[in-house]
Amino acid sequence: MRALIIDDSAVMRKVIERALRQAGLELTEVLQASNGEEALQALRDDHGKSNPLSLILSDINMPVMDGLQFLEQRRDEKLAVGIPVVMITTEGSEPLVLRAISAGAQGYICKPFTAEQVKARVVPLLRAA
Amino acid sequence: MQATENPTPHHEIVNRLDTAVSEVFEMMLERSCDPMDGDVNIVDGRIVARIQFTGAVSGECILYASPATAAVTAEALLGTASSEPADPMVDDAIGELCNMIAGGWKSKLEHPQAGCLISVPAVTREGLGALEGKFGTKFSRTYSFQGNVFGIVLAF
């Protein structure tokens with residue numbers, strides 16, 4: 001499966017990728033973006049590929065374009081329709097969670113997290129997709 | 001923190017910080033990390049990360065460490081060996097560590113303080129000088145994991 005990880009921290013992108021692999025997901029390719037704008041471009045470039053993305057994980061608090069703006073723009077442009085999006089962030093306040101869900105996020109994981117928590121939140125979404 | 005009718009006791013602020021640090025180290029680095037008594041002077045070439053709180057709480061969380069401690073931290077976070085102290089990933093790791101600790105501390109606050117926003121981390125190797133003096137109330141704490149020492153300042 002292919003995944004897109006969006007986080008302004010290169011360290012955190014690596015940590016998230018490692019957690020996905022520890023969760024037992026067989027990742028054939030991991031696209032990376034350091035903000036929402038880069039992520040949108042990655043989705044536009046990926047549109048129509050025969051082997052589409054299976055999962056998007058995104059931080060919220062990022063420079064240039066944050067994770068909530070990314071979700072809303074993705075929805076408006078109808079990019080990666082039906083692909084589950086999970087927010088991984090230190091921002092766990094209720095208004096942000098509700099805004100993320102209303103903008104199309106299906107899951108929410110707060111940093112710090114364990115690989116088990118990632119597995120518990122992500123695997124059911126992949127099965128349901 | 002902003003003045004309220006019942007300000008949060010000093011020990012409660014520090015307890016929340018200790019718990020946030022412990023959780024980040026156990027969950028993300030798979031290591032235990034404990035508070036130390038007294039201050040430890042980390043001056044030479046230290047890496048400083050800062051997260052700002054705005055809104056219901058106005059203040060900042062500053063984390064500082066020596067390049068050697070920061071390199072060990074990056075290795076533990078990434079699960080890899082031999083990060084060099086000058087590696088940009090080391091600065092990134094310290095920024096994320098500060099981010100997660102500040103976020104964890106914030107998540108333990110009660111309404112309405114928990115509704116404050118946190119900034120993205122700013123990381124510098126130019127010292128704490130430019131960052132000091134902005135806020136009047138400070139809580140300083142030093143921590144150790146496997147003999148590696150770093151400091152955290154919460155200021156409001």
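The values are calculated or read from the model by the stated rules, or taken from the named source; none is laboratory data. Computed from a predicted model, the values in this text were never measured in an experiment. Here the Cβ is made from the backbone with ideal geometry for all residues, glycine too, and neighbour counts use every protein chain on show. Note: areas computed on protein heavy atoms with side chains; ligands, DNA, RNA excluded. Shrake-Rupley method; radii C 1.70, N 1.55, O 1.52, S 1.80 Å.
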Can you tell which of A:88, A:83, A:101 is out of contact with any helix residue (DSSP H, G or I) (no Cβ under 7 Å at 6 or more places or on another chain), hydrophobic (A, V, I, L, M, F, W, C) and not in a helix (DSSP H, G or I)?
A:83
Across the stretch B:12-21, which residue is farthest from residue A:110 (Cα to Cα) among those that are of a type outside the set (Asp, Glu) and open to solvent by 30 Å² or more (accessible area, probe 1.4 Å)?
B:15
Filter the stretch B:87-126 down to the residues that are assigned to a loop (DSSP other than H, G, I, E, B) and either surrounded by fewer than 23 Cβ atoms within 10 Å (Cβ to Cβ) or more than 9 Å from chain A (Cβ to nearest Cβ) (or both) and list them by number.
B:87, B:108, B:109, B:110, B:111, B:112, B:116, B:119, B:120, B:125, B:126
Of all residues in the stretch A:70-92 being within 14 Å of another protein chain (Cβ to nearest Cβ) and over 22 Å from residue A:123 (Cβ atoms), which is modelled with the lowest pLDDT?
A:91
Mind telling me which of the residues A:99, A:127 ends up being under 20 Å from residue A:72 (Cα atoms) and open to solvent by 10 Å² or more (accessible area, probe 1.4 Å)?
A:99
Name the one entry in A:109, A:56 that is more than 13 Å from chain B (Cβ to nearest Cβ), aliphatic (A, V, I, L, M) and either open to solvent by less than 20 Å² (accessible area, probe 1.4 Å) or touching a residue at least 60 places away in the same chain (Cβ under 8 Å) (or both).
A:56
Matching entry among A:31, A:71, A:43 (being open to solvent by less than 20 Å² (accessible area, probe 1.4 Å), outside any loop (DSSP other than H, G, I, E, B), over 23 Å from residue B:100 (Cα atoms) and without any contact (Cβ under 8 Å) to a residue 40 or more places away in the chain)
A:43
